[in-house]
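Enquirer: Quick one: this structure, given as structure tokens, is what I'll be asking you about.
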Amino acid sequence: MKNQYQKLQNPSSVSTDQKTILSSLKISTQSNLLKLIVFLCILFFMCGLFTGNIWSFYQKSFSLNLQFTQFTSNSSPSATVQPPPSSPLEILPLHQNQLDQVMLIPGNSSVDNSTTANNNNTTTSRVGLSEYIKPPQNLMHDMKDEELLWRASMVPKIEEFPYKVTPKVAFMFLTRGGVTLGPLWDKFFNGVDTNLYSVYVHSNPSYNETIIPPENSVFNGRTIPSKEVRWGSFNMIEAERRLLANALLDLSNQRFILLSEACIPLYNFSTVYSYVINSTKTFIESYDLPGGVGRGRYSPRMRPQISLYQWRKGSQWFEMDRELATEIIADRTYFPLFGKFCKSSCYGDEHYIPTFLNINKAFSERNSYRTLTWVDWAKGGPHPTKFTRTDVTVELLERLRNGNGTKCEYNGEKTDICHLFARKFIPNTLDRLLRFAPKLMGFN
């Protein structure tokens, strides 16, 4: 026994047959182990495939159950079936802060508003054309000048209105502060249909909160977003364009009159309205003036867009139609030149529109080349005569109304009504104006 143990411990003493048996056992063991690994891999793959099929079947079953549940819910008797929309655009319910925004619904040609039921059996107003074209109720918007000018420069390609239009006259007041002669203008507008006119005020922002018109005044709430203006500076042209742009937002405004706080009406509203609405021409003063206060203000640096022979001078107090007003606020050629080369003693407000009009022959051919605002320059100097309280008499007002006996042309015929307004009346003239003007001018 001891001898056999020693043989096993000593490899050299093991026979060749025994070595062969041991080697075969080792190979057999390795082969079985490999088969076991392969079997386990196949088993793992089959388990994964089986699990995936079960999960996929579960997902399909869940989706079908969900659709069936929704169908059952929607087909219940309490549900309301909605009709198809009448137009490609659906009308979404508006929140309270969106009520001021309007949308033109295709297919809705009626000016009147209609209603439709929503899912909660409430009504949502359809916005008709009348709401879409309604002018802004609050003039104090947040648009920057470039945004305002862009919006106001939009012009319909179709000239004919699809609805009845009552043309308005826009009275635009460019003031340092409030409209000091406002009570006189209130009498001028008193009793007049508000669909015939609009009022806009551009004043120094520092005055906007210190001078508030009465609630029953036509000037209450009619101040537009304004910027500081220095008389004779280029920003006066900017203020005029700002007034025009705000007035153009109302599509009914067809004629535009620029006035100041020192202006008074010489006739009643019906006369003024008829005069400008029925006129075939605009009323803008534009003339060639040799000398330092005319051609002398021209800068050669404006060439080639503006030549000396095109340079014109005129009163800033104009009356124009909608087409010309739109072209002026959309001007990107001459306006920048005046901003660069017509400063300080150039007084751009006396040259920009007269020169623009002279260059654009389509507009100059239908201009009367006169202003509707009477001003007394008899005393000479850079400023016109100021009328004080004691100057205001019935005789003065009658003389201003008949133009001192002069005649002018209106729609191809001679007339003695040449000026509809007059200036320059200081605030202390108000009481005497209120005493004489209403009866003399036929207010109300």
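Enquirer: Filter the stretch 357-394 for residues that are part of a helix (DSSP H, G or I) and surrounded by 13 or more Cβ atoms within 10 Å (Cβ to Cβ) and give the result. Explain how you work it out, then say what you get.
Expert: Filtering the stretch 357-394 for residues part of a helix (DSSP H, G or I) gives 357-359, 361-364, 389-391, 394.
Within the stretch 357-394, L357, N358, I359, F363, S364, R389, D391, V394 qualify.
Enquirer: Moving to a separate point now. Checking the structure you have, find out if any residue of the stretch 186-198 is touching a helix residue (DSSP H, G or I) at 6+ places or on another chain (Cβ under 8 Å), in a loop (DSSP other than H, G, I, E, B), more than 20 Å from E319 (Cβ to Cβ) and β-branched (V, I, T).
Expert: Quick first cut of the stretch 186-198, residues touching a helix residue (DSSP H, G or I) at 6+ places or on another chain (Cβ under 8 Å) only: 187-189, 192, 196-198.
Within this subset, residues satisfying the condition of being in a loop (DSSP other than H, G, I, E, B) are 192.
Subset that is more than 20 Å from E319 (Cβ to Cβ): none.
Within the stretch 186-198, none of the residues are touching a helix residue (DSSP H, G or I) at 6+ places or on another chain (Cβ under 8 Å), in a loop (DSSP other than H, G, I, E, B), more than 20 Å from E319 (Cβ to Cβ) and β-branched (V, I, T).
Enquirer: On the basis of being assigned to a loop (DSSP other than H, G, I, E, B) and either under 29 Å from M302 (Cα atoms) or modelled with pLDDT under 95 (or both), does P354 make the cut?
Expert: Values: assigned to a loop (DSSP other than H, G, I, E, B): no; either under 29 Å from M302 (Cα atoms) or modelled with pLDDT under 95 (or both): yes.
Here the answer is no, as P354 does not meet what is asked.
Enquirer: Related question: Checking K414 against (1) farther than 30 Å from R230 by Cα; (2) open to solvent by 20 Å² or more (accessible area, probe 1.4 Å); (3) part of a helix (DSSP H, G or I), only one condition comes out false. Which one?
Expert: With respect to (1) farther than 30 Å from R230 by Cα; (2) open to solvent by 20 Å² or more (accessible area, probe 1.4 Å); (3) part of a helix (DSSP H, G or I), K414 is out only on (3).
Enquirer: Quick one: would you say L266 is more than 15 Å from R176 (Cα to Cα), buried (at least 24 other Cβ atoms within 10 Å of the Cβ) and within 21 Å of the chain's Cα centre (by Cα)? Break it down into steps so the answer makes sense when it comes.
Expert: On the way: more than 15 Å from R176 (Cα to Cα): yes; buried (at least 24 other Cβ atoms within 10 Å of the Cβ): yes; within 21 Å of the chain's Cα centre (by Cα): no.
It is false that L266 is more than 15 Å from R176 (Cα to Cα), buried (at least 24 other Cβ atoms within 10 Å of the Cβ) and within 21 Å of the chain's Cα centre (by Cα).
Enquirer: Identify all residues within the stretch 241-300 that are of a type in the set (D, E) and either closer than 27 Å to A437 by Cβ or touching an Asp or Glu at 6+ places or on another chain (Cβ under 9 Å) (or both); write none if there are none.
Expert: At the first step, the residues of the stretch 241-300 found to be of a type in the set (D, E) are 250, 261, 285, 288.
Selection gives E261, E285.
Rundown of residues vs (1) surrounded by fewer than 17 Cβ atoms within 10 Å (Cβ to Cβ); (2) touching an Asp or Glu at 6+ places or on another chain (Cβ under 8 Å); (3) among the aromatic types (F, W, Y), yes/no style:
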site: F188; (1), (2), (3): no, no, yes
site: D193; (1), (2), (3): yes, no, no
site: L196; (1), (2), (3): yes, no, no
site: Y200; (1), (2), (3): no, no, yes
site: E215; (1), (2), (3): yes, no, no
site: I224; (1), (2), (3): no, no, no
site: G232; (1), (2), (3): yes, yes, no
site: I237; (1), (2), (3): no, yes, no
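Enquirer: A further question on this structure: Could you please find all residues in the stretch 386-444 being touching a residue at least 40 places away in the same chain (Cβ under 8 Å) and among the basic types (K, R)?
Expert: If the condition is that a residue be touching a residue at least 40 places away in the same chain (Cβ under 8 Å) and among the basic types (K, R), then K386, R389, R401, R423, K424, R432 are the ones that fit.
Enquirer: Related question: Kindly check whether there is at least one residue in the stretch 421-432 that is over 30 Å from Y298 (Cα atoms), exposed (fewer than 14 other Cβ atoms within 10 Å of the Cβ) and over 37 Å from the mean Cα position of the chain (by Cα).
Expert: yes
Enquirer: Is it true that K164 is in contact (Cβ under 8 Å) with a residue 60 or more places away in the chain and charged (D, E, K, R)? So that I can check it myself, show each step before the final result.
Expert: Working: in contact (Cβ under 8 Å) with a residue 60 or more places away in the chain: no; charged (D, E, K, R): yes.
Judged against the criteria, K164 is not a match.
The values are calculated or read from the model by the stated rules, or taken from the named source; none is laboratory data. Being a predicted model, the structure only gives us computed values, none of them experimental. Backbone-built Cβ (ideal geometry, glycine too); neighbour counts: all protein chains shown. Just so you know, the surface numbers come from the protein's heavy atoms only, side chains and all, with ligands and any DNA or RNA stripped out. Shrake-Rupley method; radii C 1.70, N 1.55, O 1.52, S 1.80 Å.
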